[in-house]
Amino acid sequence: MSAYLDVDVDLSHLVIAHDAVEMETANQHWLALNPMVGRVLGWRPTTGGWFRWVNEQGVPVVEGVWWSSGRHHHFNHYAHDEVGEGWLVVITEQGFRELSAWAAALCRGGVVWRRLGWYGAEGKGQAVKHLSLE
């Protein structure tokens with residue numbers, strides 16, 4: 001996490017991603033709050049979660065969440081199983097209010113990468129979407 005906290009990223013990026021291409025390590029892919037944004041808001045990183053930040057009152061306001069669905073290592077090509085995993089960056093209502101007071105405009109978005117076939121051998125696809133906050 002120390003390398004994450006030392007990242008120097010433009011403040012226009014609220015969420016940053018790490019994608020270690022061609023690297024098979026436990027922490028190769030992740031999403032997290034831009035640490036520069038956290039510092040500007042007076043938040044500080046804390047333990048107890050992935051990329052968790054607390055506000056000045058010590059209340060958790062944002063955190064990275066890793067999810068998984070299906071059994072990746074027991075995938076059965078003939079059973080037509082679907083498996084997936086990914087990261088979300090979640091923010092509490094209090095955190096959203098503090099962020100909204102600082103940021104000029106906010107939107108939520110997502111990126112989905114899909115691979116087909118046995119270990120993705122049959123192709124890859126990507127979708128990017130920006131959604132309203134309403």
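Every number here is computed from the coordinates shown, using simple stated rules; none is lab data. Nothing here was measured: the structure is a model prediction, and the numbers come from that model. FYI the Cβ positions are ideal-geometry reconstructions off the backbone, even for glycines, and counts take in every protein chain you see.
Some points to look at:
- For ARG52, the amide hydrogen comes within under 5 Å of the amide hydrogens of THR46, GLY64, counting only partners 5 or more places away or on other chains and with H modelled in the peptide plane.
- Per-residue HN-Hα couplings for segment 55-63 [Karplus 6.51, -1.76, 1.60; θ = phi - 60°; Hz; x = Gly/Pro]: 7, 5, 8, x, 8, x, 10, 8, 7
- Sequentially through segment 90-103, phi angles give Karplus couplings (6.51, -1.76, 1.60; θ = phi - 60°) of 10, 10, 6, 4, 4, x, 5, 4, 5, 5, 5, 5, 8, 7 Hz, Gly and Pro residues having no value and appearing as x.
- Each label was represented as a point 7 Å from its Cα along the Cα-to-Cβ direction; for VAL65 and TRP50 these points are 1.2 nm apart.
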